[in-house]
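Shown next, in structure tokens, is the structure this report addresses.
The values are calculated or read from the model by the stated rules, or taken from the named source; none is laboratory data. Quantities reported herein were computed from a predicted structural model and do not represent experimental measurements. Neighbour counts are summed over all protein chains in view; Cβ atoms, including those assigned to glycine, are modelled from backbone coordinates with ideal geometry.
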Amino acid sequence: MATIEEDVIPDFCSKPALILGCGNVFFGDDGFGCALAEYLETHFDVPGSVCLLDAGTGVRKLLFTLCISSVRPRRLLIVDAADFGREPGEWFEIDPAEIPAVKLDDFSMHQLPTSNMLRELQHQTGVEVRVLACQTGPLPEEVCPGLSEPVQRAVREAAGWVAREYFERE
């Protein structure tokens, strides 16, 4: 029988692995993380030990909850679009400390401007934090949903990597 505390802990805190697809699907390639989460959900058998979420632009609230929760996943993967000046559609893993300044605000607590919740989770709580990024093409200045062809290809390719790293190991 579950205790009251266990009943209120969100699923994303209690599973061994958490994958968060981040981004804004209304601004072109910025929706990479969301598209990857959807692709994994529809093309792979996600194990029960993995919580896969399309976090959209609401990742800050989820990360804050993880920081204050008494229960956390052992592994956290953030999937997002980024601009590192590479070829559009190139996907790669980055250290949370290497998140570009333009993206850093997506993950930072406004109460602690010099702190980053991903680093907090990694260094203070022992959660393994990884970031999978995809180089975007030029992002639209107005609402324009849909990924470019190179980033669409990256979704399929990166999904295979995520499945190998997180679905087969859990």
What about residue 33, is it modelled with pLDDT of 90 or more, out of contact with any helix residue (DSSP H, G or I) (no Cβ under 8 Å at 6 or more places or on another chain) and within 16 Å of residue 131 (Cβ to Cβ)? yes
If you check every pair at least six apart or on different chains, which have Cβ atoms under 7 Å apart with a residue in the range 147-170 that is closer than 12 Å to residue 44 by Cβ first and a residue that is at pLDDT below 95 and part of a helix (DSSP H, G or I) second? none
Which one is modelled with the lowest pLDDT, of the residues in the range 64-91 that are part of a loop (DSSP other than H, G, I, E, B) and of a type in the set (Asp, Glu)? 83
Any chance residue 19 is closer than 24 Å to residue 164 by Cβ, at pLDDT 90 or above, of a type outside the set (Gly, Ala, Ser) and crowded, with 22+ Cβ neighbours inside 10 Å: yes
Taking into account only those residues within the range 59-97 that are among the acidic types (Asp, Glu) and out of contact with any helix residue (DSSP H, G or I) (no Cβ under 8 Å at 6 or more places or on another chain), which is nearest to residue 30 (Cα to Cα)? 93
For residue 53, are the conditions met, namely being aliphatic (A, V, I, L, M), in contact with a helix residue (DSSP H, G or I) (Cβ under 7 Å, 6 or more places away or on another chain) and in a strand (DSSP E or B)? yes
Consider residue 46 against the criteria (1) surrounded by fewer than 21 Cβ atoms within 10 Å (Cβ to Cβ); (2) within 27 Å of residue 140 (Cβ to Cβ); (3) at pLDDT 90 or above: it satisfies all of them except one. Which criterion is unmet? (2)
Show the residue pairs that are 6+ apart or on different chains and have beta-carbon atoms under 8 Å apart, the first residue being within the range 18-46 and on the phi > 0 side of the Ramachandran plot, the second being outside any helix (DSSP H, G or I) and of a type in the set (Val, Ile, Thr). 23/57; 28/136
State whether the residues of the range 150-166 include one that is among the basic types (Lys, Arg) and either assigned to a loop (DSSP other than H, G, I, E, B) or touching a helix residue (DSSP H, G or I) at 6+ places or on another chain (Cβ under 9 Å) (or both). yes
For the range 123-170, which positions are acidic (Asp, Glu), farther than 30 Å from residue 69 by Cα and at pLDDT below 95? 141, 142
Matching residues in the range 77-100 (surrounded by fewer than 16 Cβ atoms within 10 Å (Cβ to Cβ) and among the aliphatic types (A, V, I, L, M)) number 1
Restricted to the range 92-108 and to residues being under 16 Å from residue 130 (Cβ atoms) and in a loop (DSSP other than H, G, I, E, B), the residue modelled with the highest pLDDT is 95
Residue check, residue 74 against (1) without any contact (Cβ under 8 Å) to a residue 40 or more places away in the chain; (2) surrounded by fewer than 15 Cβ atoms within 10 Å (Cβ to Cβ); (3) within 15 Å of residue 18 (Cα to Cα), all met but one. Which one? (1)
